[in-house]
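Asker: Input: one structure, supplied below.
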Amino acid sequence: MKPAILVTRAIFPEVLTKLEQYFEVESNQDDIIFAPTELAARLKGKAGTLATASARINAELLQQVPGLKMIASMAVGYDNIDVSACTAHGVMASNTPEVLNETTADFGWALLMATARRVTESEHWLRAGHWTKWRYDSFLGADVHGATLGIIGMGRIGQAIARRSTGFDMKVVYHNRSRISAEQEAYANNAQYVSKEELLQQADHVVLVLPYSAASHHTIGATELKMMKPGATLVNLARGGIVDDQALIAVLREKRIAAAGLDVFENEPKFHPDFLSLSNVVLTPHIASASEATRRAMANRAADNLIAGLTEGKPRDWLNPPA
């Protein structure tokens, strides 16, 4: 008999067809987000799962599903997976790096431009019927060309964002857990490594692309927001929890920075409702990787990892080889 697997959320039908060649597949095309108890119940008897960030994989869950051998996550970030617990239980875990770098970087620029130039705010104003004449001071925003771009988190996506700044004649400064190579810095528009404090003080536009962990929780809080220029913008493409949303709301309400662009939130999708009352924030529902080609590539990469893990014992994007 084929091994049984669970696909925790709705997915492209052709990916299910691919998986069905190797496994008995329990799918979830109704796209229900399983509560922890139901997820555990559905994983019993399963050899593996293709999961998304909504599935919380922790030690408590793994104790209830001793037959589970593989978790293939359809995401590059894996803060929803306790990798150490997976290793302790002999469960392989994988993610989907690389395939979404360029698409996410594209969206980072879309969000940065919309935030700096007040695109969402002005569109809402127009749709409400307020536009009756041109004024010299209507929706004055911040220039992007010639400005200083600060990137916190200089991995593959951060470097892709930096490369795109060349056409805007920007200066790039970055902060990372460790300095990248001189060759990578040169390729990333001659990016300069600085402390987080220096970056926040210098940058006209700050973009967050660092992974979430306990160490990076509230990397940007009230103290850091006070360091930013009054006319600066903040864009978060990383994960909810990187920014203290309550502190950011206070700063935006008082206009102590110009604006923010957010694709991720604390406790998403139940984000803080006070964001909706602010005109100087651009809000999107975690769609940075959402081009059709890239989402299909992510789904196929996750499926390929699951197939390789359960048939060969070696997923391509293995997060915990000791398992």
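Asker: Mind jotting down the distance between the C-alpha centroids of the range 51-68 and the range 206-247, whole Å?
Answerer: Using only Cα atoms, the two centres lie 29 Å from each other.
Asker: Right, something else. How high is the relative contact order of the chain, in percent, with contacts defined as C-alpha pairs under 8 Å that are six or more residues apart? Intermediate values should be presented prior to the final figure.
Answerer: Values: 627 pairs, mean separation 61.0, N = 323.
Reported as a whole number, the value is 19 percent.
Asker: I've got another one for you. Rolling a 1.4 Å sphere over the protein heavy atoms, what is the accessible area per residue of the chain, to the nearest Å²? Show your work: numbers first, answer last.
Answerer: On the way: 15560 Å² over 323 residues.
Dividing the accessible area of the chain by its residue count gives 48 Å².
Asker: With springs connecting C-alpha atoms under 10 Å apart, model the chain as a Gaussian network and identify which of ALA203, ALA259, ALA88 has the largest mean-square fluctuation.
Answerer: Among ALA203, ALA259, ALA88, the largest GNM mean-square fluctuation belongs to ALA88.
Asker: Under the definition of Cα pairs under 8 Å and six or more residues apart, what whole-number percent is the relative contact order of the range 1-155? Mind dumping the intermediate values first?
Answerer: Working: 192 pairs, mean separation 24.1, N = 155.
After rounding, I find 16 percent.
Asker: What is the sum of charges around GLU98, taking Lys and Arg as +1, Asp and Glu as -1, for the other residues whose C-beta is under 11 Å from the C-beta of GLU98? Don't skip to the answer; put the middle values down first.
Answerer: Details: positive: ARG156, ARG301, ARG316; negative: GLU102, ASP317.
My count for the surroundings of GLU98 gives +1.
Asker: Shifting gears a bit: Packing-wise, with mean Cβ within 10 Å as the measure, how do 121-134, 208-221 rank, highest first?
Answerer: For the peptides 121-134, 208-221, the packing ranking is 208-221, 121-134.
Asker: HN-Hα J couplings of the range 56-73 from phi, Karplus 6.51/-1.76/1.60, θ = phi - 60°, integer Hz, Gly and Pro as x?
Answerer: Karplus-based 3J(HN,Hα) across the range 56-73 equals 8, 9, 10, 4, 4, 5, 5, 5, 8, 10, x, x, 5, 10, 8, 10, 10, 8 Hz.
Asker: Quick one: accessible surface of LYS2, probe radius 1.4 Å, all protein chains present, in square angstrom to the nearest 10.
Answerer: Spelled out: LYS2, probe radius 1.4 Å, area about 90 Å².
Asker: Among LYS171/LYS255; LYS69/LYS314; LYS18/LYS69; LYS2/LYS44, which pairs are too far apart, with a Cα-Cα distance over 23 Å?
Answerer: As for pairs spanning more than 23 Å Cα to Cα, those are LYS171/LYS255.
Asker: Using a probe of 1.4 angstrom, how much of the accessible area of the chain is carbon and sulfur, in percent?
Answerer: Here it works out to 52 percent.
Asker: Continuing with this model, one more query. Output the antiparallel fraction of DSSP beta bridges having both residues in the chain, as a percent to the nearest 5.
Answerer: Working: 1 of 38 bridges.
Counting only bridges with both partners in the chain, antiparallel ones make up about 5 percent.
Asker: Once label points are set 7 Å from the Cα along Cα→Cβ at both LYS196 and THR17, what is their separation, rounded to one decimal in nm?
Answerer: With each label placed 7 Å out from Cα toward Cβ, I get 4.8 nm.
Asker: If you don't mind, there's one more thing I want to ask. Tell me, what is the percent relative contact order of the range 140-210, built from C-alpha pairs under 8 Å that lie six or more residues apart?
Answerer: Dividing the mean separation by the residue count of the range 140-210 yields 45 percent.
Asker: Highest mean first, what order results for 16-25, 104-113 on Cβ atoms within 10 Å? Walk me through the numbers before you get to the answer.
Answerer: Numbers: 16-25: 16.3, 104-113: 21.6.
Packing proxy ranking, top to bottom: 104-113, 16-25.
Asker: Another question about this same structure. Restricting to DSSP H runs of at least four residues, report the calculated mean residue ellipticity at 222 nm for the chain, -39500 (n - 2.57) per run over all residues, nearest 500 deg cm²/dmol.
Answerer: One gets -10000 deg cm²/dmol as the mean residue ellipticity at 222 nm.
Asker: Shifting gears a bit: At 0.36 nm per residue, and after removing the present C-alpha to C-alpha distance, how many nm does the segment from ASP31 to SER54 gain when stretched out fully? Before the final figure, lay out each step's value.
Answerer: Numbers: separation 23, 0.36 × 23 = 8.28 nm, distance 1.09 nm.
Extra length available between ASP31 and SER54 comes to 7.2 nm.
The values are calculated or read from the model by the stated rules, or taken from the named source; none is laboratory data. Everything quoted here is computed from the prediction, not taken from an experiment. Here the Cβ is made from the backbone with ideal geometry for all residues, glycine too, and neighbour counts use every protein chain on show. Note: areas computed on protein heavy atoms with side chains; ligands, DNA, RNA excluded. Shrake-Rupley method; radii C 1.70, N 1.55, O 1.52, S 1.80 Å.
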